[in-house]
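Since the structure comes first, as C-alpha cells, the remarks are kept for the end.
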Amino acid sequence: MKGYLHQIHPVLPVRNVVDALDFYVNRLGFKIAFADDSKKPTYAGIIRDGIEIHLQWHDEKEWEVKSDRPMLRIVTQNIEALYEEYSKKDVFQSHTLLRETAWGTREFGFFDPDKNGLTFYRDKKE
C-alpha cells in the first residue's frame, strides 16, 4: 500500500493569536477549530469549508528582522461570490482586484494584519 497525502495545514506566524483569530473569524468567515489556551492562546487552528490554517504566536523580537512572510494560494469555488463577500469586510489593500492571469487563473489576493499573503484562485476554465 502506498502512502497518500491527504491534507496540508499551513502554520502562519502571528504577533497576537487572539487578534489573528478575530481577523480570520470576524472578517474572513473562518471558525475556530482549536486553541491551546482559551484565554491567551499561542497556537490555534481555524477552518472554513475544506481548509484548515494554524496560527502560531511568534515573539516580538522575531518581527524586527525583515523576512519573507508566507504566501498561501487557496483554490476556491465561486470566486466572484467570495470576492464580493470580502470586499465588504475591509480586508483588501488598495491594489486588490479580481483578475485574470496570464497563467490561466482568476484570482485576488491581500495580506492579513501580520503580512501573511492570502491569494484565492480558480482555473479560468471552471
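So the values come out like this:
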| read-out | value |
| --- | --- |
| Residue within the stretch 35-54 that is among the acidic types (Asp, Glu), closer than 16 Å to residue 115 by Cβ and either surrounded by fewer than 11 Cβ atoms within 10 Å (Cβ to Cβ) or at pLDDT 95 or above (or both) present | no |
| Of all residues in the stretch 62-121 being among the small types (Gly, Ala, Ser) and outside any loop (DSSP other than H, G, I, E, B), the one that is farthest from residue 12 (Cα to Cα) | 81 |
| Residue 76, sole failed condition from (1) without any contact (Cβ under 8 Å) to a residue 40 or more places away in the chain; (2) surrounded by 15 or more Cβ atoms within 10 Å (Cβ to Cβ); (3) of a type outside the set (A, V, I, L, M, F, W, C) | (1) |
| Residue ID - modelled with the highest pLDDT, chosen from residues in the stretch 6-24 that are assigned to a loop (DSSP other than H, G, I, E, B) and within 20 Å of residue 48 (Cα to Cα) | 10 |
| Residues satisfying the stated conditions in the stretch 87-116, i.e. within 12 Å of the chain's Cα centre (by Cα) and either within 19 Å of residue 22 (Cβ to Cβ) or exposed (fewer than 11 other Cβ atoms within 10 Å of the Cβ) (or both) | 91, 110, 111, 112, 113, 114, 115, 116 |
| Filter pass, residue 8 being under 14 Å from the mean Cα position of the chain (by Cα) and over 23 Å from residue 91 (Cα atoms) | yes |
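The values are calculated or read from the model by the stated rules, or taken from the named source; none is laboratory data. Here the structure is a predicted model, which means the values were calculated and not measured. Cβ sites come from the backbone with ideal geometry, for glycine too, and all protein chains shown count toward neighbours.
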